[in-house]
Amino acid sequence: MTSIGSLNEKPLHAALKEWYHRDGDLVEEPVEGFVVDLVRDGSLIEIQTRGFAAMRKKFDQLLDSYPIRLVHPIAVEKWIVKLDDEGNQMSRKRSPKRGIAADVCAELVSFPSLLSHPNFTLEVALVEEEEIRRPDAKKGWRRGGFVIEERRLVDVVDTVELRSPEALLGLLPGNLPDPFTTADLAQGLGRTRHLAQEVAYCLRLSGAVNTAGRDKRGILYRLP
């Protein structure tokens, strides 16, 4: 028996599953050879904190038969918690990084076309979380001798539901020119060009936007 996601449950995954759980839900329920986080009135709810790609085959098997809601957390507020060798807290500092709903496209690139499936819903959980780091001199040289041990949920601030390709348009900044390039998109989102390219890929592959040629800056995307 395998899970749609991962059987190695981490604290963030467990806390989100508890947050989404409602009376009457079946928890860790077997469905056609897979273990699903929550089953609610015949619908499947799966929480995936990372790595959408590994889920594609399982969705291909289940999606035609069951409505599936895929929940993915994005940290709009993060605290970095450092522990010592004994597990005692050394510090807790607010990270300058702020997530936005469009960050989900970094994972959605694995299957943007699924947004066209009537049984598929992607829900972005905008959360506050703690990132727990522990000392590891060998593996943690990039983070001052610390490695990320786990993520912990502090609060769910809001959720964004994506049930169609058109819903992706709601992730875009309001000041985009038409047509736009990924450079325009990166500037509007306040994100890297790489993330903007992932967003544009999801928009194009899902059918939410069309291409309109290119200029010296790159491919032009036309809003509907």
*Using label points projected 7 Å from each Cα along Cα→Cβ, tell me how many nm separate residue 89 and residue 41, to one decimal.*
4.0
*To the nearest 500 deg cm²/dmol, what mean residue ellipticity at 222 nm is calculated for the chain from DSSP H runs of n ≥ 4 alone, each contributing -39,500 (n - 2.57), summed and divided by the residues?*
-5500 deg cm²/dmol
*Take the Cα atoms of region 173-224, find their three principal axes, and give me the spread along each one in whole Å, biggest first.*
23, 23, 20
*Order by neighbour count: 182, 159, fewest other Cβ atoms within 10 Å first, most last.*
159, 182
*Could you pull out every whole DSSP H run in the chain that spans at least 15 Å of Cα extent along its own axis and averages -0.5 or higher on the Kyte-Doolittle scale?*
193-206
*Under a point spin-label approximation (7 Å from Cα along Cα-to-Cβ), what is the residue 193-residue 222 distance to one decimal in nm?*
2.5
*Tell me the label-point distance for the pair residue 53, residue 113, using the 7 Å Cα-to-Cβ offset, in nm and rounded to one decimal.*
1.8
*For the chain, build the convex hull from the C-alpha positions and give me its volume per residue in Å³.*
150
*Taking Cα pairs under 8 Å and at least six residues apart, what relative contact order does the chain come out at, in percent?*
16
*Lys, Arg +1 and Asp, Glu -1 on Cβ, resulting dipole of the chain about Cα centre, debye, nearest 20*: 1280
_Antiparallel DSSP beta bridges within the chain, percent to nearest 5_ = 60
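Values quoted throughout were computed directly from the atomic coordinates according to the rules given, and no laboratory measurement underlies them. All values derive from a computational prediction rather than experimental measurement. Positions of Cβ are generated from backbone atoms using ideal geometry, with glycine treated the same way; all protein chains shown enter the neighbour counts.
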